[in-house]
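Peer 1: Quick one: this structure, given as C-alpha cells, is what I'll be asking you about.
Just so it is clear, none of the values below were taken in a lab; they were calculated from the coordinates. Predicted model only: the values in this text are computed from it and were never measured. Glycine gets a Cβ as well: all are built from the backbone with ideal geometry, and neighbour counts include every protein chain shown.
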Amino acid sequence: MQLNRVFRYEIPTIIEFGNGSIRSLADHVKALGGSKVLIVADPGVVSAGVVERLEEPLKEANIPYVIFSEIEADPDISSVEKGTDLAKAEGCNLVVGVGGGSSLDTAKAIGTMLTNPGHIRDYVGINKVLHQAAPVIAVPTTAGTGSELTIWSVLSDKKENVKLSVGSTYNCPTMALCDPELTISLPPHVTAATGMDALTHALESYVNKATQPISEGMSIQAMKMIAKSLRAAVVAGENLQARHDMLLASLIAAMAFNSTRLGLAHALAIPLGAHFKIPHGTVNAILLPEVMQFNLIGNLEKFAEIASIFGEKVEHLSDREAAERSVVAIRQLKQDVGITQTLSDYGLKEEHLGFIAEEAMLSGNVPVNPRKPTLEDLKQICRAAMKKD
C-alpha cells in the first residue's frame, strides 16, 4: 500500500435494498418532499406491469403522478427534453426512474434539468452541473448498469451518432430503491448481458490505476457474488437468491467504479455501441477477455487473484500463469451464460478500426487503465474480439 497516497470516496445516494422494498415508495416520496411525481420508464417496463407495482403505493397515499415512457435503448437527448418539459408542465418536483440503464440515466438527467438552466448538452463531461438535481428515486429492474447510484447519465445524440456522458455528484439519484423481485422476469439473454456488465465494472475498477482500498473491497465482494450467482440467475431466473445476489453485486460494483472509473473495455464500448448498435452489456462481455489479456502484465498479482475468485486452481502457478487463468475463467463464464457473439457479428470490419480506436482513446477510462495503450493496441483488441473464442 502506498502510504503517501491520498484518496477520496464519496457516495451521496441513500440505498434501500430488499425483497418487497418498493412497497415503501410513497413513504420515501413524502420524506423527500415530493408533491407530484414523474415516473420515467421505458415501454417494456410499462408493458411488463412493473410500473403498475409502483403506482399502487402512490395511489394508496394519494400522491399524484404522471408517466413518461418515450424512452428507447441508448436514450436520445430528445427524451430528456420531452421528459423535462412534461415534468415542468405538470408541476412534478420529484422523479422516479424505473427500469434498466436507459430509463435510469434519462430519469437522472431529467432531475438535473429541472434545477439547472440551458440544455443537457451543456453538462456533458465531468463536474459541470451547476446545481443539485431535483430528488430522484431510482428503481432498477436489471442487475448490471449500477445507474441507480452512479454519477453518470450516458445518453445518445442520434442526429450526430455520438454518445454523451454527464458526470456529477449532483446527477446522482437521491435514493436507490432496489427490489430483487423486480428482476425475476428478466429474460436469460438480458440477465447474462447485464450481469457481464456488472462484472466488467467490478473487474476494471479493481485493476485500474485509480483503485483504492474502499473500492477494492467492493470490487472483490461484487466479483465473488457474480462468480457464485450469475450462471444460476441466467439458467434459473426464478432463483430469488441468485437474483438477490446479482442485484446486490451490481450495486456494489457501481459503488466501486463510481470513484475510480473503469478501463479499456468501457472506453471501446462507447464508440462501438454508438456506431454499431451493440447492447452495452454484450459489447463489454465480448471485449472483456481480450482487454484482460492485454492488461495482464500491468497487474499480474490482481489478475491472479481474479482467477482464484472465479474458481481457478492457482496455488502452484507463477504469477503470470495464474493471471492467464483469469482470462480462461472469464471466457468460460461468458460462454456458459450464452454470450457467443463477436464484434464481427455486429458488422465491425477492419476498415472501421481506425475511427473506433481514435474515439476510444478520448475516453477518461484510458488514463486509468493498468496498461497504457496505443491506437494499434486498441485496434488489436478489437481484432481479437472479432474472432470466435
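Peer 1: So what J values fall out for the stretch 245-260 if you push phi through Karplus, 6.51 cos²θ - 1.76 cosθ + 1.60 with θ = phi - 60°, rounded to Hz, Gly and Pro as x?
Peer 2: Taking θ as phi minus 60°, the curve returns 5, 6, 5, 5, 4, 4, 4, 5, 4, 5, 4, 6, 6, 4, 9, 10 Hz for the stretch 245-260.
Peer 1: Need the list of lysines near Lys30 for cross-linking: C-alpha distance under 21 angstrom, and skip anything on the same chain fewer than eight residues off.
Peer 2: Within reach: Lys59, Lys88, Lys108.
Peer 1: Separate question: What does the charge count near Asp319 come to, summing +1 for each Lys or Arg and -1 for each Asp or Glu among other residues with Cβ under 12 Å from its Cβ?
Peer 2: Residues close to Asp319 contribute a combined charge of -1.
Peer 1: With the contact rule set at Cα under 8 Å and sequence spacing of 6 or more, what percent relative contact order holds for the chain?
Peer 2: That works out to 14 percent.
Peer 1: Sorted from fewest to most neighbouring beta carbons within 10 Å, what does the list Phe294, Phe355, Phe257 look like?
Peer 2: Phe355, Phe294, Phe257
Peer 1: Can you list the residues, at least 5 places off or on another chain, whose amide H is less than 5 Å from the amide H of Val162, using H built in the peptide plane?
Peer 2: Placed amide hydrogens put Asp157 under 5 Å from Val162.
Peer 1: Fewest Cβ neighbours within 10 Å first, please rank Ser47, Ser229, Ser326 accordingly.
Peer 2: Ser47, Ser229, Ser326
Peer 1: Cβ neighbours within 10 Å, averaged per peptide: list 210-221, 190-201, 60-71 in order, most packed at the top.
Peer 2: 190-201, 210-221, 60-71
Peer 1: Here is a follow-up. List the chymotrypsin sites (Phe, Trp or Tyr not before Pro) within the stretch 141-235 that DSSP assigns to loop and that have no more than 11 neighbouring Cβ atoms inside 10 Å.
Peer 2: Within the stretch 141-235, no chymotrypsin sites (Phe, Trp or Tyr not before Pro) qualify (loop, at most 11 other Cβ atoms within 10 Å).
Peer 1: Ok, one more. Restricting attention to the stretch 158-237, which trypsin sites (Lys or Arg not before Pro) occupy a DSSP loop and are surrounded by at most 15 other Cβ atoms within 10 Å?
Peer 2: Sparse-neighbourhood loop trypsin sites (Lys or Arg not before Pro): Lys158, Lys159, Lys209.
Peer 1: Then there is this: Between the stretch 7-85 and the stretch 363-389, what is the separation of their alpha carbon centroids in Å?
Peer 2: Spelled out, the Cα-based centre of one part sits 37 Å from the other.
Peer 1: Using a Gaussian network model of the chain with C-alpha springs under 10 Å, which one of Gly167, Gly18, Gly34 is most mobile by mean-square fluctuation?
Peer 2: Per the Cα network of the chain with a 10 Å cutoff, Gly18 tops the list.
Peer 1: Right, here's the next one. How large is ³J(HN,Hα) for each residue in the stretch 92-108, as worked out from phi by the Karplus curve 6.51 cos²θ - 1.76 cosθ + 1.60 (θ = phi - 60°), to whole Hz, x for Gly and Pro?
Peer 2: The phi angles translate into 6, 10, 8, 10, 10, x, 9, x, x, x, 4, 5, 5, 4, 5, 4, 4 Hz.
Peer 1: Then there is this: Take Lys387 and Ser47, extend 7 Å from each Cα along the Cα→Cβ direction, and tell me the distance between the two endpoints in nm.
Peer 2: 4.0 nm
Peer 1: Something else about it: Return the sequence-ordered ³J(HN,Hα) values of the stretch 153-161 in whole Hz as given by the Karplus equation 6.51 cos²θ - 1.76 cosθ + 1.60 applied to θ = phi - 60°, using x for Gly and Pro.
Peer 2: Once rounded to whole Hz, the list reads 10, 9, 10, 10, 10, 6, 5, 8, 6.
Peer 1: To continue, here is another question. Would you grab the residues whose amide H sits under 5 Å from the one on Gly125? Only those 5+ places off in sequence or on another chain, please, with H modelled 1.01 Å from N.
Peer 2: Correct list: Ser165, Val166, Gly167.
Peer 1: Mind listing which trypsin sites (Lys or Arg not before Pro) in the stretch 58-130 are in a DSSP loop and have 15 or fewer other Cβ atoms within 10 Å?
Peer 2: Passing both the DSSP loop test and the Cβ count: Lys128.
Peer 1: In a GNM of the chain with a 10 Å cut-off on Cα contacts, which of Gly111, Gly99, Gly354 has the highest mean-square fluctuation?
Peer 2: Ranking Gly111, Gly99, Gly354 by mean-square fluctuation puts Gly354 first.
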